[in-house]
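Encoded as structure tokens, the structure appears first; notes follow it.
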Protein chains: 4
Amino acid sequence: MAGPFSTVSIAGSADAPEEDLAFARRLGYLLGSSGYTVVCGGGPGVMEEACRGARDAGGLTVGILPGTDPSEGNPCLDIVLPTGLGLGRNRAVALAGSCLVAVGGANGTLSEIAYALQAGRPVCCHGTWSVIPGVAQAATPEEAFSFVEECGRRRS
Amino acid sequence: MAGPFSTVSIAGSADAPEEDLAFARRLGYLLGSSGYTVVCGGGPGVMEEACRGARDAGGLTVGILPGTDPSEGNPCLDIVLPTGLGLGRNRAVALAGSCLVAVGGANGTLSEIAYALQAGRPVCCHGTWSVIPGVAQAATPEEAFSFVEECGRRRS
Amino acid sequence: MAGPFSTVSIAGSADAPEEDLAFARRLGYLLGSSGYTVVCGGGPGVMEEACRGARDAGGLTVGILPGTDPSEGNPCLDIVLPTGLGLGRNRAVALAGSCLVAVGGANGTLSEIAYALQAGRPVCCHGTWSVIPGVAQAATPEEAFSFVEECGRRRS
Amino acid sequence: MAGPFSTVSIAGSADAPEEDLAFARRLGYLLGSSGYTVVCGGGPGVMEEACRGARDAGGLTVGILPGTDPSEGNPCLDIVLPTGLGLGRNRAVALAGSCLVAVGGANGTLSEIAYALQAGRPVCCHGTWSVIPGVAQAATPEEAFSFVEECGRRRS
């Protein structure tokens with residue numbers, strides 16, 4: 001089960017293939033079931049599905065939005081945080097979690113991976129960005145979940 | 001009781017007089033009792049006391065930190081969000097709530113008031129910044145709470 | 001004449017009355033004539049007129065834009081810096097100068113004044129925000145220019 | 001020669017190997033000689049050497065600093081812009097130029113590459129990040145300079 005600081009950042013595209021969406025939903029479910037809070041950029045696609053999964057499992061979800069209007073958040077958010085920073089909010093997403101899981105994603109996701117690595121947050125990637133040095137790889141949501149759990153054990 | 005988008009931003013100094021601290025704690029308690037989520041800058045002083053009150057009442061608390069280290073948040077936060085933006089995080093604090101209550105505070109608090117007003121969020125001040133045009137004033141925590149409730153009624 | 005660190009921040013509205021525009025243009029001219037670099041938010045109105053004046057006098061002008069598109073800057077900028085931070089760029093404008101002059105302005109300008117004061121940058125206001133404690137007042141562009149010169153003398 | 005919007009962003013480490021420093025200095029010189037303005041994060045290492053080269057050639061240099069203190073900028077900056085955003089300033093560095101050249105660099109540099117690509121700015125890498133899809137590669141400063149010139153031709 002999740003410990004006291006048990007927030008996980010999830011990154012990925014607003015417009016993602018079905019495989020990434022299903023991965024995100026399942027990962028969110030596993031995280032929510034174990035008491036983790038899911039933080040993401042608050043948009044659709046991978047972000048929304050991770051939140052949907054977490055919510056279905058009774059977990060808490062947080063969206064750090066690029067715009068200033070809270071109604072632009074996806075419908076699966078418990079806490080909606082408009083920032084007005086545009087993609088500048090990606091750094092806040094990357095720093096929010098004790099680790100970051102990137103599910104597919106393009107260059108916006110890459111900025112989140114870079115910021116997480118720079119700040120010493122462990123990063124796990126499914127798909128696109130597995131080429132980046134220093135990131136773990138997850139073929140399945142279960143592997144990504146094990147990565148998150150392992151990060152928690154190392155800290156405690 | 002709080003409606004679906006029921007987040008309130010609280011601003012104020014890390015180093016505040018006892019009267020402001022007591023005001024913040026009582027206001028936090030009133031908000032938490034009614035189901036509002038309290039968002040603040042995550043520091044000590046007014047921020048911590050508002051969270052303490054909200055927590056005592058069973059409410060949810062969010063801290064948007066200036067630094068990158070989650071352990072720098074005050075001990076009364078449920079959700080800790082390091083941003084690494086320094087006082088640039090003040091805009092995110094100001095935008096988070098459907099309204100902002102400023103309890104005393106200095107120039108950092110003034111930046112939050114300015115951003116909230118600019119984005120059309122209603123603002124209520126206790127003490128220092130009551131001179132700013134367009135802000136409501138609250139002599140007591142109960143008056144500030146009524147202001148928050150009234151903002152909610154106007155939106156729905 | 002301006003010394004080695006001789007950048008001045010100018011704040012004010014994109015949509016300003018003619019009196020503020022003329023004030024900004026004249027102030028920009030005085031600054032540019034004396035070798036100051038003018039930094040502003042890069043938009044129209046007060047920002048553009050301050051740059052126009054500075055340019056007419058052979059001074060250098062910098063615009064820190066809210067958006068990501070450099071073509072959105074006003075036509076009197078030598079250095080165009082898109083930030084993508086929206087009004088989050090106001091803090092960078094406030095910090096850029098060794099002092100800040102606010103010419104009229106609304107709540108966005110107030111956020112710049114707040115950030116400048118918080119960071120210990122001297123602030124001079126013409127019009128709107130002269131009520132803020134700790135700011136100097138300038139009835140004319142010449143008075144604002146004297147304020148800038150005096151700030152420089154105090155530092156050296 | 002450089003056209004009307006002729007700003008180039010340079011990214012790289014504060015603590016870089018001599019080969020990267022020499023690359024940056026030579027590239028800066030080539031850019032400055034042709035009228036380009038060099039924008040960087042304002043720190044030491046690659047950033048400083050790029051500015052040194054540009055300055056030696058009579059070019060203009062801009063540093064977008066992470067902190068709030070202008071005296072923290074490297075000694076080769078004409079325009080010093082403290083932001084207080086920490087590494088959040090990386091996005092502004094990435095967006096400043098019509099293209100980005102990354103000379104070596106670690107995860108901070110990666111965030112700048114990611115943001116530049118995301119915003120449609122062409123990116124050229126020397127060393128570390130040549131593995132990123134969509135970036136050009138430069139073995140020499142002359143190749144990087146040709147890349148910058150080619151970007152300009154494509155736009156005009």
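The values are calculated or read from the model by the stated rules, or taken from the named source; none is laboratory data. Just so it is clear, the model here is predicted, and its values are computed rather than measured. Cβ placement follows ideal geometry from the backbone for every residue including glycine, while neighbour counts extend to all protein chains displayed. What goes into the accessible areas is simple: the full protein's heavy atoms, side chains included, and nothing from ligands, DNA or RNA. Shrake-Rupley method; radii C 1.70, N 1.55, O 1.52, S 1.80 Å.
Remarks
- Estimated at the nearest 10 Å², the accessible area of C:CYS40 is 0 Å² with a 1.4 Å probe.
- Over chain B, DSSP H runs of length four or greater, each weighted -39,500 (n - 2.57), average out per residue to a 222 nm ellipticity of -12500 deg cm²/dmol.
- Share, in percent, of DSSP beta bridges within the range A:7-152 that are antiparallel, nearest 5: 0 percent
- With all protein chains modelled, accessible area of A:THR7 [1.4 Å, Å²]: 10 Å²
- For the protein assembly as shown, the list of Cys residues with no other Cys C-beta under 4.7 Å reads A:CYS40, A:CYS124, A:CYS125, B:CYS40, B:CYS124, B:CYS125, C:CYS40, C:CYS124, C:CYS125, D:CYS40, D:CYS124, D:CYS125.
- Distances between copies at C:GLY134, taken between label points 7 Å from Cα along the C-beta direction, are 2.1, 3.7, 4.2 nm in increasing order.
- For chain C, the relative contact order comes to 23 percent (Cα pairs under 8 Å, sequence separation of at least 6).
- Dividing the convex hull volume of the alpha carbon atoms of the range D:11-156 by its residue count gives 91 Å³ per residue.
- Computed from backbone phi, the HN-Hα couplings of the range D:91-106 come to 5, 5, 4, 5, 7, 5, x, 6, 7, 10, 10, 9, 9, x, x, 10 Hz, rounded to whole numbers (Karplus: 6.51 cos²θ - 1.76 cosθ + 1.60, θ = phi - 60°; Gly and Pro given as x).
- The modelled label-to-label distance for the pair B:GLU18/C:GLU19, using points 7 Å beyond Cα in the direction of Cβ, is 4.8 nm.
- Per-copy distances of the B:GLU19 label point, shortest first, in nm (7 angstrom along Cα→Cβ): 3.6, 6.5, 6.7
- Based on alpha carbons, the Rg and Dmax found for the protein assembly as shown are 24.1, 69 Å.
- Rounded to the nearest 10 Å², the accessible area of C:CYS76 at probe 1.4 Å: 10 Å²
- Placing a label point 7 Å from Cα along the Cα-to-Cβ axis, B:SER146 is separated from the same position in the other copies by 4.8, 6.1, 7.6 nm, shortest listed first.
- Per-residue average of Cβ from other chains inside 10 Å of C:65-71: 4
- What separates the Cα centres of the range B:81-156 and the range D:78-156 is a distance of 39 Å.
- Within the protein assembly as shown: Cβ-based charge dipole about Cα centre, in debye rounded to nearest 20 (Lys, Arg +1; Asp, Glu -1): 0 debye
- Take each residue in B:126-134, count the other chain C-beta atoms within 10 Å of its C-beta, and the mean is 2.
- Peptide C:75-82, shielding by other chains (average Cβ, 10 Å cutoff): 4
- About its Cα centre, the dipole of chain D is roughly 560 debye, where the only charges are +1 on Lys and Arg Cβ and -1 on Asp and Glu Cβ.
- Nearest beta carbon of chain A to the A-to-B rotation axis, with distance in whole angstrom: A:ILE79, 3.
- Shape index of the range B:45-93: Rg/Rh, with Rg the Cα radius of gyration and Rh the Kirkwood radius from the inverse mean 1/r over Cα pairs, equals 0.97.
- With all protein chains in place and ligands, DNA and RNA left out, the 1.4 Å accessible area ranks B:ARG26, C:ARG154 as C:ARG154, B:ARG26, largest first.
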